[in-house]
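Student: For reference, the structure I am asking about is given below.
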Amino acid sequence: MDDEPLALINMEKKLQEFDTIEIVKSFSTLNDLLTEGPTLDIQVAFLDVEMPGMNGLEIAQLLKQWHNNIYIVFVTAYRDYAVQAFEIQSLDYLLKPISKSRLETTINRIQELFQYEKKLPPLQHIEPSLKIQCFGGFNVSFNDKIVHWRTVKTKELFAFLFSHLNSHIPRDTIIDALWAETEYKKARVQLHTTISYLRTTLSTLGYVNVLHYANGCYTLQLEEFQCDVLDLEQLLKQKEETEELDIEKAETFIDNHQGDYMATLDYPWINSKANFFNNQFTILLNFLVEHYTATHAFKKRELTLLLSLDYSPYSDKIIQQLIQHYIEVDNRANAITIYNTFRNNLLTELGILPNLDTIELFNTISKNK
């Protein structure tokens with residue numbers, strides 16, 4: 001669509017040079033579009049931006065209401081609309097005059113997206129194709145193959161949005177988190193470029209229109225995926241609602257646990273999330289310790305307490321539980337060893353001693369030589 005007839009003819013000629021493109025309809029007026037647009041079977045729209053009545057940005061929104069999965073490509077002589085164009089999920093932004101090589105790049109992107117859509121099975125299956133690992137790092141795989149990101153920032157942006165899944169995140173909040181050291185105008189452009197890369201990557205995996213922009217906020221909405229963080233939350237939620245822990249699932253989760261939340265990443269925004277989810281993992285370990293104590297599964301209790309100590313090496317509570325465990329199973333030597341190691345670590349690394357309760361518990365062992 002273009003209100004300039006010569007520009008419209010020129011664009012048609014350029015598109016007709018590609019065998020894989022079928023031009024369903026061209027429009028030069030808004031009235032014609034409003035009359036025929038809703039009933040057309042179209043996959044891609046090439047839109048001019050500066051047009052009377054409704055500009056291309058507004059028409060793009062209208063087309064998305066009519067055709068939910070349509071791809072939008074803006075064709076304009078003006079750079080000023082690029083940021084707004086990417087905010088409404090455009091596939092590309094072409095500046096006039098358009099070279100054949102530049103248009104070919106756009107066509108290749110469109111073809112790539114369609115090829116992926118044809119190859120992908122429906123998302124409704126028992127084992128989700130998309131798997132997201134947050135503990136121990138941040139790894140995303142699809143059909144057991146690691147997802148490759150266009151840029152480092154694309155991966156970080158997905159990690160940030162995923163950590164706020166289904167929440168409305170103000171654009172400036174994202175900029176402050178990911179581009180805090182960048183001048184605001186440049187940061188905004190970088191954000192929209194990265195958003196475009198992220199949308200393309202997700203679309204190639206079959207996740208189309210899952211990243212939304214409205215009222216100055218971005219929202220990531222995903223379905224049909226597996227994630228270790230959500231597995232943990234579901235385990236704890238079930239325990240809260242039923243007062244029963246799914247021991248088999250909990251043990252499987254512990255066996256597959258890779259480490260602290262996004263442990264290998266140096267993102268400045270991670271800390272608060274990491275503290276929360278690492279604490280959730282500790283809560284799960286505590287529930288397992290309670291279960292093993294009630295069922296007299298002493299070896300499993302010992303291993304779970306030792307694992308808890310790995311994740312909370314300065315915890316007096318865990319050391320006390322371990323000492324009590326070794327007293328109960330009549331292994332005084334291990335109780336002494338674990339206490340001395342704990343005490344030395346505190347002195348060496350923090351310059352402090354165990355708390356009084358821990359010291360008194362150890363003294364009871366010492367008195368019973």
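The values are calculated or read from the model by the stated rules, or taken from the named source; none is laboratory data. All of these numbers come straight from a predicted model, not from anything done at the bench. All Cβ positions, glycine included, derive from the backbone under ideal geometry; neighbour counts span all protein chains shown.
Student: Test Ser312 against the stated conditions and say whether it is within 30 Å of Cys227 (Cα to Cα) and among the small types (Gly, Ala, Ser).
Tutor: yes
Student: Now for a separate question. Could you count how many residues in the stretch 274-314 are within 24 Å of the chain's Cα centre (by Cα), surrounded by 15 or more Cβ atoms within 10 Å (Cβ to Cβ) and without any contact (Cβ under 8 Å) to a residue 24 or more places away in the chain?
Tutor: So the answer is 1.
Student: Being of a type outside the set (Gly, Ala, Ser) and more than 24 Å from Thr341 (Cα to Cα) is the filter here; which residues of the stretch 294-317 pass it? Spell out the reasoning first.
Tutor: Residues of the stretch 294-317 of a type outside the set (Gly, Ala, Ser): 295-296, 298-307, 309-311, 313-314, 316-317.
Of everything in the stretch 294-317, those that are of a type outside the set (Gly, Ala, Ser) and more than 24 Å from Thr341 (Cα to Cα) turn out to be Thr295, His296.
Student: Report every pair of residues separated by at least 6 positions or lying on different chains whose Cβ atoms are under 6 Å apart, first residue within the stretch 253-273 and closer than 17 Å to Phe162 by Cα, second in a strand (DSSP E or B) and at pLDDT 90 or above.
Tutor: Within 6 Å, the pairs are Tyr261/Phe135.
Student: If you take the residues of the stretch 130-162 that are surrounded by 16 or more Cβ atoms within 10 Å (Cβ to Cβ) and among the basic types (Lys, Arg), which of them is farthest from the chain's Cα centre (by Cα)?
Tutor: Ranking the qualifying residues of the stretch 130-162, first place goes to Lys153.
Student: Inside the stretch 22-58, can you point out the residues that are β-branched (Val, Ile, Thr), exposed (fewer than 14 other Cβ atoms within 10 Å of the Cβ) and farther than 15 Å from Ala7 by Cβ?
Tutor: Val24, Thr35, Thr39
Student: Cβ-Cβ under 6 Å, sequence separation 6+ or interchain: first residue in the stretch 209-220 and modelled with pLDDT of 90 or more, partner assigned to a loop (DSSP other than H, G, I, E, B) and not hydrophobic (A, V, I, L, M, F, W, C). Which pairs?
Tutor: Val210/Gln221; Cys217/His168; Thr219/His168
Student: Return only the number of the condition from (1) surrounded by 15 or more Cβ atoms within 10 Å (Cβ to Cβ); (2) assigned to a helix (DSSP H, G or I) that Pro354 does not satisfy.
Tutor: All conditions pass for Pro354, except number (2).
Student: For the stretch 315-351, name all the residues that are closer than 19 Å to His291 by Cα, crowded, with 16+ Cβ neighbours inside 10 Å and either among the charged types (D, E, K, R) or touching a Ser or Thr at 6+ places or on another chain (Cβ under 7 Å) (or both).
Tutor: Residues satisfying the conditions are Ile318, Ile319, Gln320.
To keep it simple, each residue is scored yes or no on (1) hydroxyl-bearing (Ser, Thr, Tyr); (2) at pLDDT 90 or above; (3) in contact with a helix residue (DSSP H, G or I) (Cβ under 6 Å, 6 or more places away or on another chain).
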{"position": "Gln238", "(1), (2), (3)": "no, yes, no"}
{"position": "Leu245", "(1), (2), (3)": "no, yes, yes"}
{"position": "His257", "(1), (2), (3)": "no, yes, no"}
{"position": "Tyr261", "(1), (2), (3)": "yes, yes, yes"}
{"position": "Asp266", "(1), (2), (3)": "no, no, no"}
